[in-house]
Amino acid sequence: MRLPSLRFAAWSLPIAAAAVAFASPSLAGDYHLGEGYNVGSLNISGYSNLVAEFPNKGTSALTLDDLSVFLSGRFNRWLNPFVEFELASAPLFTENGGFFEKGTPRVVLERAYNDFLISPEWTFRAGKMLSPVGEWNQIHAAPLVWTTTRPLTTYYNFAEFASGVSLLYNDPEGNLPDVQVYYQPGDDFMREPRRVNQVQYQNVGGINVAFTSDLQKRLGLSMQHAEDSDTTEQQWLASVDGRVSFGALTLETQWTHNWVGQPDASRASVLKPNQQHPQRNEWGGYVQAIYGLDEHWNLVARGEAFQSRYQQKPSDNWLVGVVYRPVPAVSWKVEYLETSGAQLDLSRGLYASMAVLF
């Protein structure tokens, strides 16, 4: 009899632990799906995302794309920690590879910070956080977004994380916009491996201003400055994102433009051959439409164009899909993605997923 591989055991243990914890009868009377579980002032929650992908060119696979656990506490004005651990890209089945045979999951520390509540309006945050460039990057948990595949514009050309300090302003009356200013000195803490992020950043700083009158409307404006940790290449990014609803129809969008400086001549030798003369401008944008058929079924369509600094031609992609939400904390998604132009992170094909916020 063949014994399970160590790779299978390594990522199955946290899944089993989470399943046992939330299936325990002792929690049944207190726990509600999507709200987490409270232990005194500590809340334990998270989400999972099971993804099936069938690219036209490439390998079909069934993957536990994310299993994230959130630990958040609200103890007093000065002690309000938030930690997110994530098990990412755990392969369950791979075409021509069988079950649990190909690939190794990554364990990622997504966020780890503490909020100091200076006043009802002002919060000082210290630690590793998501940079507030667009709404998608801040709420990117699979159950909270509409598609399995993520638009390139929402992550490809800026620092997604900031390890440092941040000052946040929130008007309790809702009359003024939310504002967040942040700064990361040096490198990101426990950064993603290079095979995941093409460019790794250091000395990151920026500001985000978000006008959100209600759940139907949003306008976000962002600026971010960062430095390529390989070349000391400087970049400035501007982003605008928005959301507006007209009855059953909701439109979402984000547009970014990145001004990339020349690499330091003394560091140019670390560039790869195809990166010797990167373009000075990098830009992207998408428009996504969601139409609610009823309280559970939704149609989604998206078009995007993205110009990478390392490609001569832009990458274009179009998506159509269906989203079924039996309850707000659970979403089933099926979508078809068509791509043309430069091949970046997206591949033409059929994608499906089941995401649960627990």
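The values are calculated or read from the model by the stated rules, or taken from the named source; none is laboratory data. Because the structure is predicted, anything quoted here is derived from the model rather than measured. Here the Cβ is made from the backbone with ideal geometry for all residues, glycine too, and neighbour counts use every protein chain on show. All accessible areas refer to the heavy atoms of the entire protein, side chains included, with ligands and DNA or RNA removed. Shrake-Rupley method; radii C 1.70, N 1.55, O 1.52, S 1.80 Å.
Check region 115-124 and report whether any residue there is over 20 Å from the mean Cα position of the chain (by Cα), modelled with pLDDT of 95 or more, part of a strand (DSSP E or B) and under 28 Å from Leu33 (Cα atoms).
Among the residues of region 115-124, at least one is over 20 Å from the mean Cα position of the chain (by Cα), modelled with pLDDT of 95 or more, part of a strand (DSSP E or B) and under 28 Å from Leu33 (Cα atoms), which makes the answer yes.
Given (1) within 22 Å of Leu219 (Cβ to Cβ); (2) assigned to a loop (DSSP other than H, G, I, E, B), where does Thr148 come up short, assuming only one miss?
Just one mismatch for Thr148, condition (1).
Yes or no: Ser68 open to solvent by less than 60 Å² (accessible area, probe 1.4 Å), under 17 Å from the mean Cα position of the chain (by Cα), under 30 Å from Val179 (Cβ atoms) and touching a residue at least 60 places away in the same chain (Cβ under 8 Å)?
For Ser68, the condition - open to solvent by less than 60 Å² (accessible area, probe 1.4 Å), under 17 Å from the mean Cα position of the chain (by Cα), under 30 Å from Val179 (Cβ atoms) and touching a residue at least 60 places away in the same chain (Cβ under 8 Å) - is met.
Would you check which residues across region 272-296 are at pLDDT 95 or above and not in a loop (DSSP other than H, G, I, E, B) and list them?
Within region 272-296, Trp283, Gly284, Gly285, Tyr286, Val287, Gln288, Ala289, Ile290, Tyr291, Gly292 qualify.
Is there any pair with a first residue in region 119-137 that is under 20 Å from Ser222 (Cβ atoms) and a second that is in a loop (DSSP other than H, G, I, E, B) and among the polar types (S, T, N, Q) whose Cβ atoms are under 7 Å apart and which are 6 or more apart or on different chains, and what are they?
Within 7 Å, the pairs are Asn137/Ser131.
Tell me yes or no: at least one residue of region 90-104 is without any contact (Cβ under 8 Å) to a residue 60 or more places away in the chain, of a type outside the set (Asp, Glu) and under 27 Å from Gln254 (Cα atoms).
The answer is no, given that none of the residues of region 90-104 is without any contact (Cβ under 8 Å) to a residue 60 or more places away in the chain, of a type outside the set (Asp, Glu) and under 27 Å from Gln254 (Cα atoms).
Restricting to region 71-123, count the residues that are polar (S, T, N, Q) and surrounded by 15 or more Cβ atoms within 10 Å (Cβ to Cβ).
Summing the residues that are polar (S, T, N, Q) and surrounded by 15 or more Cβ atoms within 10 Å (Cβ to Cβ) in region 71-123 gives 6.
For region 161-210, give me each residue that is buried (at least 17 other Cβ atoms within 10 Å of the Cβ), within 12 Å of Lys128 (Cβ to Cβ), in contact with a strand residue (DSSP E or B) (Cβ under 7 Å, 6 or more places away or on another chain) and of a type outside the set (A, V, I, L, M).
Of everything in region 161-210, those that are buried (at least 17 other Cβ atoms within 10 Å of the Cβ), within 12 Å of Lys128 (Cβ to Cβ), in contact with a strand residue (DSSP E or B) (Cβ under 7 Å, 6 or more places away or on another chain) and of a type outside the set (A, V, I, L, M) turn out to be Phe161, Ser163, Gly164, Ser166, Tyr182, Gln184, Asp188.
Using the structure shown, decide if Val133 is crowded, with 19+ Cβ neighbours inside 10 Å, in a loop (DSSP other than H, G, I, E, B) and at pLDDT 95 or above.
Judged against the criteria, Val133 is a match.
Can you work out which of the residues in region 275-322 that are open to solvent by 50 Å² or more (accessible area, probe 1.4 Å) and under 20 Å from the mean Cα position of the chain (by Cα) is nearest to Leu346 (Cα to Cα)?
Trp318
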